[in-house]
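Report on one structure; see the data block that follows.
The values are calculated or read from the model by the stated rules, or taken from the named source; none is laboratory data. The model shown is predicted, which means the values in this text are computed figures rather than measured ones. Positions of Cβ are backbone-derived with ideal geometry, glycine not excepted, and every protein chain shown enters the neighbour counts. To get the accessible areas, we keep the full protein, side chains included, count just its heavy atoms, and leave off ligands, DNA and RNA. Shrake-Rupley method; radii C 1.70, N 1.55, O 1.52, S 1.80 Å.
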Amino acid sequence: MDPRFDVALYTRAEVALQLGLPATTLGDWMRSGALEARSGGRGEPTITFAGLVETHMLRYLRRTGLSLHAIGEAAVALRSRAGRRYPLAWSGLAHDGRDLLVEIAAEGREAGWERIRDSQGGFPGVLRRGSAAIGWSDDGYAGTLRLVIYHDIDVIVDPERANGRPLVDDVPVEDVIDEVRTGATYREIAAKFNLEDFEVEALVRPHIRPPAFRKSRPADAQTEVLL
């Protein structure tokens, strides 16, 4: 059993939070066929580490301008035609700004790139590889993922450490957030976990929900709320 592919570690809500996605967007992506999805009850872990990486890559590719249709078409083709599990979590992909391409040398053929949707080759131009946030294993699949919603600090997800929970070195991010919820100061939390004050702030920032703006609401009532 490979913990990257065979163990469901995350709920949809956790993946949406870790990647900074609206839950509705993640739901749309799951239904599109672009992501390899598992079934499960509401609130149950249904997404593997490889599924988390695929979702990160889909977010990255959408931001580079690729359409959801083009990504989904390529992912479905790789699963059905090449039998490749979690293709968006594989290092043999690149894109040209419009379509996903496959490194055909990785498939045991002469080196080159081929457009996945129609198997057309001959793409010597500018090709962009995957996200720098992914740490690749020797088998060409993702082994770790740096969560890009955290700035000024490296938060890493590794399915072989802490059951795939986000970590800063050996400190679980959720432990830091729990301390904040108890009312501890950033300085106290930093001392407890051997962090800097700014690192605690960087960990907390993505979990802060800005208050809704209301004209009649007094300014002192606009407090930040931890998600």
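Quick look at the values:
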| item | result |
| --- | --- |
| Filter result for the condition that a residue is acidic (D, E) and open to solvent by less than 60 Å² (accessible area, probe 1.4 Å), over E36, E73, E44 | E36 |
| Per-region count, segment 79-99, residues closer than 24 Å to G27 by Cβ, open to solvent by less than 50 Å² (accessible area, probe 1.4 Å) and more than 20 Å from the chain's Cα centre (by Cα) | 0 |
| Counted residues, segment 8-24 - those being under 13 Å from A37 (Cα atoms) and either free of Cβ contacts under 8 Å to residues at least 24 places away in the same chain or not in a loop (DSSP other than H, G, I, E, B) (or both) | 5 |
| Enumeration of residues in segment 39-73 that are outside any helix (DSSP H, G or I) and not aliphatic (A, V, I, L, M) | S39, G40, G41, R42, G43, E44, P45, T46, T48, T64, G65, S67 |
| Elements of type helices (runs of 4 or more DSSP H) contained in segment 86-205, each with 2 or more residues being within 22 Å of P45 (Cβ to Cβ) and modelled with pLDDT of 95 or more | 173-181 |
| Filtered residue count, segment 164-210, keeping only those that are surrounded by fewer than 14 Cβ atoms within 10 Å (Cβ to Cβ), among the aliphatic types (A, V, I, L, M) and closer than 30 Å to D2 by Cα | 0 |
